[in-house]
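Below is one structure, written out as structure tokens, with a few remarks after it.
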Amino acid sequence: MKSETNILTDNFGRHHSYLRISLTEKCNLRCTYCMPENGVPLTPKSNIMTADEIFKIATVFVKHGVTKIRLTGGEPLVRKDFSKILERLSTLNIKLSITTNAVIVDRFIDNFKASGLQDINVSLDSLQADKFTFITRRNQFKAAYNNIILLLEQGFNVKMNVVLIKGFNDDEIIDFIAFTKHLPIAIRFIEFMPFDGNNWNKEKLVTQAEILEQTHAHFGRQDVISLENEANFTSRNYQIKGYKGTFGIISSVSNPFCDSCNRIRLTANGNIKNCLFSNQETNLLEAYRQDKNIEPLISNLIKKKYAVRAGMTDFETLNNPENHTNNRSMITIGG
Ligand code: SAM
Ligand code: SF4
């Protein structure tokens, strides 16, 4: 399946076996870095993929070598037919996973178990309720936190995404790592990324070097163990000696992982996107609804993928806000 002619293999030989499907543009939180303050104009419901369309389009990707599908959003669990979507996708020969803000996760434990879904990424940017409310603009810390503990108790593989923003939560890096002492959780510190309307600037980035400096100073360099990278890794992982969990650093902005990128994204309105930083998209849903073959559309977009960050190879280009004004915010891409 991994040949040069495979529609999911790009001009740099990268085979895209990992599909991230955004189920909805809606969310029960309003994270400042993800959702512009005034919200996003929502796509009319008639142009959002139905459960059946998600399944059929995903099947085309699986036929060409996708082996892993992550459900995301918006908040995937707010979609009314979430259980139906999960049930159908679980019939495909793939590894299923989900990214969720965890606020209503407790309602879906049985569905996850029935579908065989074990890998759950949750997002929590502060261990302090007031800061959580500030960043998410919603008072849901308790629900999210308790549900993360519930997932661990229920035996799921839990990774916790923490978007680090200088001056907001970089003072909690040690607290997050301390959280891994007794809990088998993988914390992933994520660099704040630029999207249309999210007030990004490079001064707000917390770099890998800064994270490690704090960690070494607190725990002692000899007790910070560097772990082996996974295949197609996006995070560099570490563990404090004797701790149950781990922590990792995802530096998509300052030190991207483009060389081994195997991801392709399908937005809730049926557009594919070949890179998180790219504003180029191709709509598959319309073609699918017109009974057209969507394979050439997928192939074309994959072949247009740049080697690095949608062509923004240097930091100066990336740092120019004009280069992000046409890129959707994360809420509508699906992180
Ligand atoms: N609602 C779910 C959640 O929050 O986990 C899934 C969708 S959310 C868009 C997926 C991930 O993208 C979250 O972990 C979130 O923190 C991350 N994210 C959103 N905007 C981001 C940004 N500007 N920079 C870095 N990560 C971002
Ligand atoms: Fe919602 Fe997730 Fe975006 Fe926060 S990061 S607004 S929870 S989609």
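The values are calculated or read from the model by the stated rules, or taken from the named source; none is laboratory data. Just so we're clear, the structure is a prediction, and the values are computed from it rather than from any experiment. Cβ sites come from the backbone with ideal geometry, for glycine too, and all protein chains shown count toward neighbours.
Is one or more of the residues making up segment 156-171 assigned to a helix (DSSP H, G or I), at pLDDT 95 or above and not hydroxyl-bearing (Ser, Thr, Tyr)?
Narrowing segment 156-171 to residues assigned to a helix (DSSP H, G or I): 170-171.
Narrowing the set further to residues that are at pLDDT 95 or above leaves 170-171.
Filter once more, so that each one left must be not hydroxyl-bearing (Ser, Thr, Tyr): 170-171.
Yes; the residues of segment 156-171 include at least one that is assigned to a helix (DSSP H, G or I), at pLDDT 95 or above and not hydroxyl-bearing (Ser, Thr, Tyr).
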Task: Filtered residues of segment 55-75 (kept if under 11 Å from residue 98 (Cα atoms) and out of contact with any strand residue (DSSP E or B) (no Cβ under 6 Å at 6 or more places or on another chain)) - done: 75
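Scan segment 1-24 for residues that are more than 10 Å from ligand 1 (Cβ to nearest atom) and either basic (Lys, Arg) or touching a residue at least 24 places away in the same chain (Cβ under 8 Å) (or both) and report the count.
Within segment 1-24, the first condition is being more than 10 Å from ligand 1 (Cβ to nearest atom), and the residues that meet it are 1-19, 21.
Restricting the remaining residues to those that are either basic (Lys, Arg) or touching a residue at least 24 places away in the same chain (Cβ under 8 Å) (or both) gives 1-2, 6-12, 14-19, 21.
Total satisfying the criteria: 16.
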TODO: Search segment 67-84 for residues that are of a type in the set (Ser, Thr, Tyr) and pair each with any residue that is within 16 Å of ligand 2 (Cβ to nearest atom) and modelled with pLDDT of 95 or more when their beta-carbon atoms are under 6 Å apart and the residues are at least 6 apart or on different chains.
DONE: 72/20; 72/22; 72/99
Open item on the list: Could you go through segment 27-34 and let me know if any residue there is out of contact with any Cys (no Cβ under 8 Å at 6 or more places or on another chain), within 13 Å of ligand 2 (Cβ to nearest atom) and free of Cβ contacts under 8 Å to residues at least 12 places away in the same chain.
Closed with: no
Open item on the list: Being surrounded by 21 or more Cβ atoms within 10 Å (Cβ to Cβ), touching a Pro at 6+ places or on another chain (Cβ under 7 Å) and under 30 Å from residue 191 (Cβ atoms) narrows it down to one residue among 82, 112, 61, 132; which is it?
Closed with: 82
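Given the options 238, 243, name the one that is more than 16 Å from ligand 1 (Cβ to nearest atom), in a loop (DSSP other than H, G, I, E, B) and of a type in the set (Phe, Trp, Tyr).
Numbers: 238 fails: in a loop (DSSP other than H, G, I, E, B).
Every option except 243 fails the conditions.
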